[in-house]
């Protein structure tokens, strides 16, 4: 379903239930003419791994209290979910300038052949780190249960239960822990 604002040159979000969206190509044109500011609402590590050049990183959790630039804003994230929530947050606060959402997030931007800027020495994306750590711990639990003692299988069960909990609740303790590791500083 195409949103009616995709071919419109102006950026107005008038609906309080579904934010207006802009296509990657239209956003690129708006950026070239310096008519908008892009706000990336992802977490700093996600931002470091690839973002639209010139965008400002304001994580969604801090958006409501951020001092945002004047003029039209386009919010972006990985999939479009967080940026849509951000648009709704700003609309509820009666933000005085037009706000819209990048349709499909950063992947759509990249699929359109548009560049992303990566910060030097950016760590692996946190989700990949979680996958590596969880897979390694499950494998370790299986190996140790075979070589050392059957009780080590509990390690695999624990990691599996943690992943299920993360999927259901949206809280991933392993991701929070990995984010604090020394190899994950985000240098700007």
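At a glance:
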item: Filtered residues of the stretch 81-130 (kept if without any contact (Cβ under 8 Å) to a residue 40 or more places away in the chain, within 30 Å of residue 181 (Cβ to Cβ) and in contact with a strand residue (DSSP E or B) (Cβ under 8 Å, 6 or more places away or on another chain)); result: 105
item: In the stretch 126-142, residue surrounded by the fewest Cβ atoms within 10 Å (Cβ to Cβ) [restricted to those that are more than 24 Å from the chain's Cα centre (by Cα) and closer than 30 Å to residue 185 by Cα]; result: 136
item: Residue in the stretch 143-161 that is surrounded by fewer than 11 Cβ atoms within 10 Å (Cβ to Cβ) and closer than 19 Å to residue 44 by Cα present; result: no
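Read-outs throughout are calculated quantities, based only on the coordinates presented, and are distinct from any laboratory measurement. As the structure is a computational prediction, the values presented were derived from the model and not from experiment. Note: ideal-geometry Cβ built from the backbone for every residue, glycine included; neighbour counts use all protein chains shown.
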